[in-house]
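Taking it in order: structure first as structure tokens, then the write-up.
The values are calculated or read from the model by the stated rules, or taken from the named source; none is laboratory data. Everything numeric here is computed off the predicted structure, so don't read it as measured data. FYI the Cβ positions are ideal-geometry reconstructions off the backbone, even for glycines, and counts take in every protein chain you see.
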Amino acid sequence: MAVTLSSWNWESTILPKACTLGATRTVSRPVKEYLIEALPRQAADWLPKVGSALLILFVFWVLAVVTRKVVRKGGVAAGIDSSVINLLARSAHVVLLVIGLVTTLGTLGIDVSAIVASLGLTGFAVGFALKDSISNLLSGVLILIHRPFNVGDTIKVKTFVGLVSAIDLRYTRLERGGEKILVPNSLLFTNPISIQSGSGNEN
């Protein structure tokens, strides 16, 4: 069967291409307008916020570094144990960095109330789960600061008797006849201590 030029559907082959080209131009026009008009305006709005946020973060970082050095120098001058000094210095450093990060996010317009609430709940859950370890840690800090007894003293607390060979943030190590006893610092801090020899003072 012969096909003549008059029977060929020219509109069905040409018009779809024209419609497609027109749709492409229609879609690309808003993108072009966004790149030319809206994007520079948004960049102008965000640049001051980003600059202020980076400046605040830098200031808190410098403050954290300076505070860590000051705490270490002050601890050494006060004769505090090095482990306590490092703990206090690192804690101050981390706290200031967290405050700086939260302040930076607030400067960028981010709602930090949910973040602060999440940090509070997380801290409460971790503190509850690690309450015994935290109690030993805080007791160790106070023992190392106040020094109710020193290494080389013979002490007795409840049923534990021995020569103090080491004091750290969690345990105090006693030695007696070749036996080593690790006594939790919370036990030493909350119970009477009998110091049988040495120059320490009774707690």
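Below, the figures for the structure above:
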{"read-out": "Tally, over segment 144-181, of residues that are under 23 Å from L87 (Cα atoms) and without any contact (Cβ under 8 Å) to a residue 40 or more places away in the chain", "value": "9"}
{"read-out": "Test: residue in segment 189-196 that is among the aromatic types (F, W, Y), over 23 Å from V76 (Cα atoms) and buried (at least 17 other Cβ atoms within 10 Å of the Cβ)", "value": "yes"}
{"read-out": "Selected residue (criterion: surrounded by the most Cβ atoms within 10 Å (Cβ to Cβ)) from residues of segment 88-110 that are more than 17 Å from I56 (Cα to Cα) and out of contact with any Gly (no Cβ under 9 Å at 6 or more places or on another chain)", "value": "A92"}
{"read-out": "A77 being exposed (fewer than 14 other Cβ atoms within 10 Å of the Cβ) and either at pLDDT 85 or above or over 24 Å from the mean Cα position of the chain (by Cα) (or both)", "value": "yes"}
{"read-out": "Condition met for S186 (in a helix (DSSP H, G or I) and either on the phi < 0 side of the Ramachandran plot or at pLDDT 85 or above (or both))", "value": "yes"}
{"read-out": "Selected residue [at pLDDT 85 or above and assigned by TED's automatic domain parsing to the domain that holds S52] from L97, L108", "value": "L97"}
